[in-house]
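What follows is one structure encoded as structure tokens, with my remarks underneath.
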Amino acid sequence: MTLEIISAREVMFKGEAEMVTLPGELGSFTVLKNHASLISVLVAGKVVYRNEQGEEKTINIKGGLADVDNNVVSVCIY
């Protein structure tokens, strides 16, 4: 799936990912390939994703929004 993590200042990551875990308002959730469409408010916490090479990366966020649709995960953070 394609993952895009963007802030007002920069594109922090854009590429293929095997999974992404996001800090949702009701708790953390993980998105995998072919996940159902959703939109979620994000709270302060960590975005954790695994790239195609199997490396896990972490980005600390203060909050944001996530949109999942057709194997594209768009994360707007602040």
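A few points about this structure:
- Listed residue (Leu65, Tyr78, Phe13) projecting farthest to the positive dipole end of the chain, Cβ model: Tyr78
- For the residues Arg9, Arg50, a 1.4 Å probe over the protein chains yields an accessible-area ranking, largest first, of Arg9, Arg50.
- About its Cα centre, the dipole of the chain is roughly 220 debye, where the only charges are +1 on Lys and Arg Cβ and -1 on Asp and Glu Cβ.
- Taking only alpha carbon atoms, segment 34-74 gives an Rg to Rh ratio of 1.00, where Rh is the Kirkwood radius.
- Accessible surface of the chain [probe 1.4 Å, protein heavy atoms]: carbon and sulfur percent: 50 percent
- Ser37 contributes about 80 Å² of solvent-accessible surface, heavy atoms of the protein only, 1.4 Å probe.
- Among Gly64, Gly24, Gly54, the largest mean-square fluctuation in a Gaussian network model of the chain (Cα springs under 10 Å) belongs to Gly54.
- Taking all protein chains into account, the per residue accessible area for segment 1-52 stands at 61 Å² (1.4 Å probe).
- Segment Met12-Leu38, extension gain: residue separation times 0.36 nm, minus the distance between their alpha carbons: 7.2 nm
- Within the shell defined by Cβ-Cβ distances under 10 Å, the residues around Cys76 carry a net charge of -2, with Lys and Arg each +1 and Asp and Glu each -1.
- Proximal aspartates and glutamates to Lys33, defined as alpha-carbon separation beneath 18 angstrom and excluding residues fewer than eight positions away on the same chain: Glu4, Glu16, Glu18, Glu52, Glu55, Glu56, Asp67, Asp69
- DSSP beta bridges fully contained in the chain are about 85 percent antiparallel.
- Per principal axis, descending, Cα span of the chain in whole Å: 27, 25, 18
The values are calculated or read from the model by the stated rules, or taken from the named source; none is laboratory data. Please read all numbers here as calculations on a predicted model, not as lab measurements. Note that each Cβ is placed from the backbone with ideal geometry, even for glycine, and that neighbours are counted across all protein chains shown. Surface areas here come from the heavy atoms of the whole protein model, side chains and all, with no ligands, DNA or RNA. Shrake-Rupley method; radii C 1.70, N 1.55, O 1.52, S 1.80 Å.
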